[in-house]
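Below you'll find the structure I mean.
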Amino acid sequence: MNRLNQFIERHISGKKVLSLFIITNVIYVFMLTITIPRTMAFSDGMKLLDMMPMGYDLNYVSELFNALGEIGRDTYLTKQIPVDMFYPLLFGLSYCLLLGYFLKKLNKLKTPYSFLCLLPIIAGIADYFENFGIVAMLSTFPDVTNILVSATNVFTIIKSVSTTLFFITLIIVLVTLGFSTIKRKNK
């Protein structure tokens, strides 16, 4: 916990946190508006694996990859995945620091609450493993194994759960900070 707190303390200047937040979300918007739609244009309306928070199985992967066809699978591999290799690092760092920034405002950074700053880092790491699994599946298709799909699916679910828990935590922290600010102003 001490190293995490030291890292956060060194990097939570408002400008740094805001800059990372903006860069992270510019890349996210780029994926949502450019690379994901370009890939999904080949998917017959099926969601990409990255966009399946409840997971998927071998049948879904086979159906999706068949629907994508060779051009769609190549687009997934060479257009979407490369951009998604920057995003997990930025997500993990920026949201870890963002939560740390708000926890410090509440004087809760040097408490066990600081462990909550690990949630976006866990999500980012899981996102990388998900991406590696998707690359492996795209590269071996049509010989994708159930083991590879199951392993990749686990990381997709870990990413989804940790991301959801992070955003719930962030909302609670922001609401708490809002009430704290209102309380201080009323005194």
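Listed here are the residues, each with its yes/no results for (1) within 26 Å of LEU77 (Cα to Cα); (2) at pLDDT 95 or above; (3) among the acidic types (Asp, Glu); (4) assigned to a helix (DSSP H, G or I).
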residue: ARG3; (1), (2), (3), (4): no, no, no, yes
residue: VAL17; (1), (2), (3), (4): no, no, no, yes
residue: ILE23; (1), (2), (3), (4): yes, yes, no, yes
residue: VAL26; (1), (2), (3), (4): yes, yes, no, yes
residue: PRO37; (1), (2), (3), (4): yes, yes, no, yes
residue: SER43; (1), (2), (3), (4): yes, yes, no, no
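How do the pairs read when you match residues in the stretch 26-47 that are touching a residue at least 24 places away in the same chain (Cβ under 8 Å) with residues anywhere that are among the small types (Gly, Ala, Ser) and not in a loop (DSSP other than H, G, I, E, B), using Cβ under 6 Å and keeping only pairs 6 or more apart or on different chains?
Once the first residue is touching a residue at least 24 places away in the same chain (Cβ under 8 Å) and sits in the stretch 26-47, its partners that are among the small types (Gly, Ala, Ser) and not in a loop (DSSP other than H, G, I, E, B) give PHE42/GLY69; PHE42/GLY72; SER43/ALA67.
Consider LEU109 carefully, then state whether it is in a helix (DSSP H, G or I) and of a type outside the set (Phe, Trp, Tyr).
The answer is no for LEU109.
Against the condition more than 20 Å from the chain's Cα centre (by Cα) and in contact (Cβ under 8 Å) with a residue 40 or more places away in the chain, how does LYS185 come out, does it pass?
no
Being within 23 Å of GLY14 (Cα to Cα), assigned to a helix (DSSP H, G or I) and in contact (Cβ under 8 Å) with a residue 24 or more places away in the chain narrows it down to one of LEU77, LEU116, so name that one.
Working: LEU77 fails: within 23 Å of GLY14 (Cα to Cα).
Exactly one residue qualifies, and that residue is LEU116.
Let me ask another. Kindly establish whether SER160 is touching a Pro at 6+ places or on another chain (Cβ under 9 Å) and either modelled with pLDDT of 95 or more or crowded, with 17+ Cβ neighbours inside 10 Å (or both).
yes
Under 6 Å between Cβ atoms, which residue pairs at least 6 apart in sequence (or on different chains) link something in the stretch 125-146 that is under 15 Å from PHE86 (Cβ atoms) and touching a residue at least 12 places away in the same chain (Cβ under 8 Å) with a partner that is crowded, with 18+ Cβ neighbours inside 10 Å and among the aromatic types (Phe, Trp, Tyr)?
From residues that are under 15 Å from PHE86 (Cβ atoms) and touching a residue at least 12 places away in the same chain (Cβ under 8 Å), the pairs are GLU130/PHE155.
Now for a different question. Could you list, in sequence order, all residues of the stretch 45-74 that are surrounded by fewer than 16 Cβ atoms within 10 Å (Cβ to Cβ), of a type outside the set (S, T, N, Q) and in a helix (DSSP H, G or I)?
Matches in the stretch 45-74: MET51, GLU63, ALA67, GLY69, GLU70, ILE71, ASP74.
Can I ask one more? Scanning for something aromatic (Phe, Trp, Tyr) and free of Cβ contacts under 8 Å to residues at least 12 places away in the same chain, does the stretch 3-25 turn up at least one residue? Walk me through how you get there before you give the answer.
From the stretch 3-25, those aromatic (Phe, Trp, Tyr) are 7, 21; that's our starting set.
Add one more test, that the residue is free of Cβ contacts under 8 Å to residues at least 12 places away in the same chain, and what stays is 7.
The answer is yes, given that some residue of the stretch 3-25 is aromatic (Phe, Trp, Tyr) and free of Cβ contacts under 8 Å to residues at least 12 places away in the same chain.
Another one. Just name the residue that is nearest to LEU77 (Cα to Cα) out of those in the stretch 122-155 that are of a type in the set (D, E, K, R) and assigned to a helix (DSSP H, G or I).
Checked the stretch 122-155; the qualifying residue nearest to LEU77 (Cα to Cα) is GLU130.
The values are calculated or read from the model by the stated rules, or taken from the named source; none is laboratory data. This structure is a prediction, so every number in the text was calculated from the model and none was measured. In this analysis, Cβ positions are derived from the backbone assuming ideal geometry, glycine residues included, and neighbour counts consider all displayed protein chains.
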